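The values are calculated or read from the model by the stated rules, or taken from the named source; none is laboratory data. These numbers were taken from a predicted model, which means no experiment stands behind them. Virtual Cβ from ideal backbone geometry, glycine too; neighbours counted across all protein chains shown. Note: accessible area is taken over every heavy atom of the protein model, side chains too, but ligands, DNA and RNA are not part of it. Shrake-Rupley method; radii C 1.70, N 1.55, O 1.52, S 1.80 Å.
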Amino acid sequence: MAIPFIDLQAQRQRLGEPLNQAILAAVASGQWILGPQVAAFESELAAFAGVKNAIACANGTDALQLILMAWGVGPGDAVFVPAFTFCATGEVAPLVGATPVFVDVLPDTYNLDPASLEEAIAMVKKEGKLVPKAVIPVDLFGQPADYDKIAPICRREGLKMLCDTAQAFGATYKGKVTGSIGDAAATSFFPAKPLGCYGDGGACFTADDELTKLLKSIRMHGEGSDRYENVRIGLNSRLDSIQAVILSHKLKIFADEINQRQVVAWRYAEGLAKSNRIQVPHVIEGCVSTWAQYVIQVPDRNQLQADLKEKGVPTAVYYPIPLSQQKGYQHFPSAPTPVSKRISKSVVALPMHPYMDAATQDVIIAAVLASVG
Ligand SMILES: Cc1ncc(COP(=O)(O)O)c(C=O)c1O
């Protein structure tokens, strides 16, 4: 039997009949968009993250964009983003008319490098064309960025910190759950995410009640006191009630799944430590990753992928080209990004999900060791 990269069917079986019934009840309720199920899920989600407000929306990209729109980030503003991330992190800056400015990442965690952020801010200030407005640190592959180092830079420079926790919702940084960190945070419920729904979905998080009101207005075409009063430019970015019901059910088992993911990650780390040619992920002190991906570095990635494919072990590459070098983004300003360029050539992700049994994992570990040596 082929080994799945992410086994969503195992989770589907665990959720079983109660979820089927809840989906049918949501269909029968007739309140299909932003129904009471969505409000209930928003409260559960905020409680899980330990943050005052969670605002559900149509996807993670919108969640980031909604927050930038609510803050009034726009033309002439610089938004600092990692060069090594999924495109959505950078995409939202030009979508609101602002300019993304690329920052390098750290070689061990793949998250935003505070020293490179300082360099990028200094570069923008020296050029004098853009006003530094916001930083979007990304919790890449499930691990929170190093907020104790990034937040003081944001405070000193008067920059808003928008945490992109699309890959890491539920991870903890020194006891704080992502979603509760930063001036605001955004996540994605894309099916493959650690907390995913059965379609697209996303959420914004903030402790700020005024920002919450703005986000709720902007996700509904900029509505005022009712939906046919339009007091600002907005989007159509709402969560379906069916997705909210699915997410509520998944949230109940999410803490357990995060624990299970640690077990899988530890087994990989232990097994792969037998080769000194493999760099396993480094988790910083005091953090718990959600292990959205288990990404290793090897000297010859192509060879490893080919060898594993032959043995029925799927792999994936996140990301083969840094965002700052992509055709659509090359013209935006960037700090030097040697680490992003280097790691984009050597990273490779192995199968990772909370339902992987030890025997399957040992097959994967043996296959990796046999290939890398
Ligand atoms: C880091 C990061 N940011 C943002 C997003 C955007 O989320 P969505 O696909 O729900 O729009 C993703 C999703 O893949 C992501 O990985």
Inset, instruction - Kindly identify the chain as rounded, prolate or oblate by the Cα gyration tensor criterion: order the square roots of the eigenvalues as a ≥ b ≥ c, call it rounded if a/c is under 1.5, otherwise compare a/b with b/c, prolate if a/b is larger, else oblate. - result: oblate
Legend entry - Distant-in-sequence amide H partners of I33 (H built 1.01 Å from N, under 5 Å): S241
Inset, instruction - Any aspartates and glutamates with Cα under 17 Å of the K213 Cα? List them, leaving off those in the same chain fewer than 8 positions away. - result: E42, D62, D183, E223, D226, E229
Legend entry - Proximal lysines relative to K133, as straight alpha-carbon distance under 16 Å, when same-chain residues fewer than 8 apart are discounted: K125, K160
Inset, instruction - Give a residue-ordered list of calculated ³J(HN,Hα) values for region 163-168 (Karplus: 6.51 cos²θ - 1.76 cosθ + 1.60, θ = phi - 60°; whole Hz; x for Gly, Pro). - result: 7, 8, 10, 4, 9, 9
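Could you give the length gained by full extension between A47 and K252, i.e. 0.36 nm per residue of separation minus their alpha carbon distance, to one decimal place? Numbers along the way, then the final one.
Working: separation 205, 0.36 × 205 = 73.80 nm, distance 1.19 nm.
Length difference between fully extended and current span is 72.6 nm.
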Legend entry - Neighbour cut-off at most 13 other Cβ (10 Å), DSSP loop, trypsin sites (Lys or Arg not before Pro), region 287-373: K327, K345
Legend entry - Dimensions in Å of region 1-142 - Rg and Dmax from alpha carbons: 19.9, 60
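How do E157, E91, E210, E270 stack up against each other in accessible area, from largest to smallest, with a 1.4 angstrom probe? Display every interim value, and only then the final one.
Numbers: E157 45, E91 65, E210 115, E270 145 Å².
Ranked list, largest accessible area first: E270, E210, E91, E157.
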Inset, instruction - Along Cα→Cβ, 7 Å out, is where each label goes; now give me the distance between the ones at A306 and A40 in nm to one decimal. - result: 5.4 nm
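As an exercise, use a Förster radius of 25 Å and the Cβ-Cβ distance of K341 and W266 to find the FRET efficiency, rounded to the nearest 0.05.
Efficiency for this residue pair is about 0.25.
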Inset, instruction - List nothing, just return the count: lysine pairs in region 231-373, 8 or more apart or interchain, with Cα separation under 22 Å. - result: 5
Legend entry - Estimated inter-spin distance, L95 and R155, nm [label 7 Å along Cα→Cβ]: 3.1 nm
Inset, instruction - Pop a pseudo-label 7 angstrom from the Cα along the beta-carbon direction at both F5 and A370 and give the gap in nm to one decimal. - result: 2.2 nm
Legend entry - Antiparallel DSSP beta bridges within region 1-136, as percent of all bridges there, nearest 5: 10 percent
Legend entry - Residue-averaged [θ]222 nm for the chain, counting only DSSP H segments that reach four residues, each worth -39500 (n - 2.57): -13500 deg cm²/dmol
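May I ask you to rank K160, K126, K274 by accessible area, largest first, using a 1.4 Å probe over the protein chains only? Write out the running numbers ahead of the final one.
Values: K160 85, K126 180, K274 160 Å².
I get K126, K274, K160, largest accessible area first.
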